[in-house]
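**Q** Take this structure first; my questions come after.
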Amino acid sequence: MSDRSIRDPQSRRLQAMGSLLAWAVYLFLLAPIVVVVPMAFGSPNELSFPPSTYSLDLFRQFLSSPAWTGPLLQSAKVASISTVVVLLVGVPAAYGIARFRFPGRGLIMGAMMSPLVIPSIVTALGFYLYFSYLRINGTTLALVLGHVMHTLPYVLVMIVAGIQKLDRNLEFGAQLMGAGRFRMFRTVVLPQLVPSLIGAGLFAFLISFDEVVISWFLSGPTTATLPVKMYSAIRWEISPIIAAVSTLLTGISLVVCLIMVALKKSTPSAG
C-alpha cells in the first residue's frame with residue numbers, strides 16, 4: 001500500500017474534524033442571536049425564551065420612546081460624521097503611505113495604527129482626561145474625535161489594500177499627459193477606489209455606531225449613544241426593549257456585512 005493511500009484517509013479525517021470544529025465555533029457564536037431575536041418579538045411585559053406570545057410591541061415601544069430614539073439618532077449622527085471625517089483624513093494618508101517613501105513613514109504608520117494594539121479602556125481614559133482638559137468632554141465633538149481616532153486604523157488598512165491593487169501605470173500615464181497630482185488623484189485613483197471607499201466607510205460607520213467603551217467615557221447626559229443607553233439599561237433595569245434594540249443592531253450589522261461581501265466579489269483582483 002502506497003504512502004499516498006494511507007495519507008488520504010488521514011487527510012479526510014483531519015478535514016472533517018476541522019469542519020466540525022469550525023461549525024461548532026459558528027454555532028457557539030450564533031447562539032446568543034438565536035436566543036435574542038425571538039425574544040424581541042415577544043411580550044412587552046416579560047423577557048423570556050421562548051416567548052409565550054409573538055408581536056411587534058417591543059419595536060413599537062422602542063421607536064415611540066424618546067428615551068431610546070434620542071440615543072439612536074445620536075449614534076447615527078456621531079457615526080455619520082465620524083465616517084465622513086475619517087475618510088477625508090484616511091484616504092489621503094493611506095495614499096501617501098502606500099505610494100511614497102519618506103523619513104518617518106514607519107513611525108507615522110505605527111502612530112496611526114496604535115489604537116489597534118492599545119486596549120480600548122486605556123484609549124478611552126486618555127481621551128477622557130485630554131478632552132476634560134480641553135473642556136469638550138460630554139459633547140458630540142468629543143465623541144466624533146474619539147470615534148475618528150478609533151476607526152482610523154481600520155480605514156487605513158482597507159484603503160491601503162485597495163490602493164496596492166491599483167495599476168500604477170494609469171497614474172504615471174495621467175501625469176505624463178500633464179495632469180497634476182491632485183487632478184490625477186481625483187480623476188484616476190478615486191474612481192478605482194470606490195468599492196474600497198464604500199467598504200471602509202460602512203465598516204467605520206458600523207464600528208462607530210456599536211462603540212460603547214469610548215462612548216461611555218466621552219458622552220454626557222444629553223449626548224449618550226445607543227450602546228451607552230443599552231449598557232445603562234442593563235445595569236439599572238431589565239427592560240424587554242433591549243431585545244428589540246439588539247435585534248435591530250444585529251440586522252444593521254448583517255446588512256453592512258452583506259454589502260461588504262458583495263463589494264469584495266465585484267472588485268477585480270490585482271494583476
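**Q** Compute the semi-axes of the equivalent ellipsoid of the chain, taking the square root of 5 times each eigenvalue of the Cα gyration tensor, and list them largest first in whole Å.
**A** The equivalent ellipsoid of the chain has semi-axes of 37, 32, 18 Å.
**Q** If you build a Gaussian network model of the chain, linking Cα atoms that sit under 10 Å apart, which residue out of Ala79, Ala98, Ala179 swings the most?
**A** With Cα springs under 10 Å in the chain, the top fluctuation among Ala79, Ala98, Ala179 is at Ala179.
**Q** One-quarter of the Cα convex hull surface for segment 163-243, in nm²? Present the calculation step by step, with values, prior to reporting the outcome.
**A** Details: hull surface 33.7 nm².
Answer in nm², one decimal: 8.4.
**Q** If you don't mind, another one. Within segment 1-151, what whole-number % of the accessible surface is contributed by carbon and sulfur, with the 1.4 Å probe and all protein chains included in the calculation? Walk me through the numbers before you get to the answer.
**A** Details: 6880 of 9670 Å².
About 71 percent, which is the carbon plus sulfur part of the accessible surface.
**Q** Moving on to the next point. Could you work out how far apart the two model spin labels at Thr53 and Thr187 are, taking each label as a point 7 Å from the Cα in the direction of the beta carbon, and quote it in nm?
**A** With each label placed 7 Å out from Cα toward Cβ, I get 6.6 nm.
**Q** Can you give the helix-only mean residue ellipticity at 222 nm for the chain, where every DSSP H stretch with n ≥ 4 adds -39500 (n - 2.57) and the sum goes over all residues, rounded to the nearest 500 deg cm²/dmol?
**A** -25000 deg cm²/dmol
**Q** Ranked by accessible surface with a 1.4 Å probe, highest first, in what order do Phe182, Phe209, Phe217 come? Please list the in-between numbers first.
**A** Values: Phe182 155, Phe209 10, Phe217 55 Å².
Ranking Phe182, Phe209, Phe217 by accessible area, largest first, yields Phe182, Phe217, Phe209.
**Q** What shape does segment 125-271 have by the C-alpha gyration tensor, where a ≥ b ≥ c are the square roots of the eigenvalues, rounded means a/c under 1.5, and otherwise prolate means a/b greater than b/c and oblate the rest? Walk me through the numbers on the way to the answer.
**A** Details: a/c = 4.03, a/b = 1.81, b/c = 2.22.
Since a/c reaches 1.5 but b/c is at least a/b, the shape of segment 125-271 is classed as oblate.
**Q** Evaluate E = 1/(1 + (r/R0)^6) for Ser80 and Val212, where r is the Cβ-Cβ distance and R0 equals 25 Å; express this FRET efficiency to the nearest 0.05.
**A** According to the calculation, E is roughly 0.90.
**Q** Would you look at the GNM of the chain, springs on alpha carbons closer than 10 Å, and say which of Ala24, Ala40, Ala244 moves the most?
**A** The residue that fluctuates most here is Ala24.
**Q** While we're looking at this one, here's another question. How many nm is it between the label spots at Asn169 and Leu129, if each spot is 7 Å from the Cα in line with the beta carbon?
**A** Inter-label distance under the simple model: 5.4 nm.
**Q** Taking 0.36 nm per intervening residue step and subtracting the Cα-Cα distance, what contour gain separates Ile121 from Ala22 on full extension? Spell out each step's value before the answer.
**A** Details: separation 99, 0.36 × 99 = 35.64 nm, distance 3.06 nm.
32.6 nm is the gain from fully extending Ile121 to Ala22.
**Q** Gaussian network model of the chain, Cα springs within a sub-10 Å range: biggest mean-square fluctuation belongs to which of Tyr128, Tyr95, Tyr26?
**A** Of Tyr128, Tyr95, Tyr26, the Gaussian network model singles out Tyr26 as fluctuating most.
**Q** List the residue ranges in the chain for DSSP H helices whose C-alpha atoms run 27 angstrom or more along the long axis and whose Kyte-Doolittle average is 0.5 or above. Walk me through the numbers on the way to the answer.
**A** Numbers: long enough: 3-40 (56 Å, 0.70); 66-99 (48 Å, 1.07); 140-164 (35 Å, 1.66); 241-266 (38 Å, 1.98).
Qualifying helices: 3-40, 66-99, 140-164, 241-266.
**Q** Take the Cα coordinates of segment 26-143, assign each an equal point scatterer, and use the Debye formula without solvent to give log10 I(q)/I(0) at q = 0.16, 0.18, 0.19, 0.20 Å⁻¹.
**A** Those come out to -1.03, -1.09, -1.12, -1.15, one per q.
**Q** Kindly sort Tyr130, Tyr54 by accessible area of their heavy atoms, largest first, with the probe set to 1.4 Å.
**A** These residues rank, largest area first, as Tyr54, Tyr130.
**Q** Tell me the per residue accessible area of the chain using a 1.4 Å probe; a whole number in Å² is fine.
**A** Counting only protein heavy atoms, the per-residue value for the chain is 59 Å².
**Q** Taking a quarter of the surface of the Cα convex hull of segment 102-206, what do you get in nm²? Could you put the intermediate results ahead of the total?
**A** Numbers: hull surface 35.0 nm².
Averaged projected area of segment 102-206's Cα convex hull equals 8.7 nm².
**Q** In whole Å, what are the Cα extents of segment 70-109 along the three principal axes, biggest one first?
**A** 47, 16, 9
**Q** In nm, to one decimal, how far is the modelled label at Ala233 from the one at Ala111, with both set 7 Å along Cα→Cβ?
**A** Those two pseudo-labels are separated by 4.1 nm.
The values are calculated or read from the model by the stated rules, or taken from the named source; none is laboratory data. On a predicted model such as this, the values are computed, not experimentally measured, just so you know. Positions of Cβ are backbone-derived with ideal geometry, glycine not excepted, and every protein chain shown enters the neighbour counts. For the accessible areas, the whole protein counts, side chains as well, though only heavy atoms, and no ligand, DNA or RNA atoms are used. Shrake-Rupley method; radii C 1.70, N 1.55, O 1.52, S 1.80 Å.
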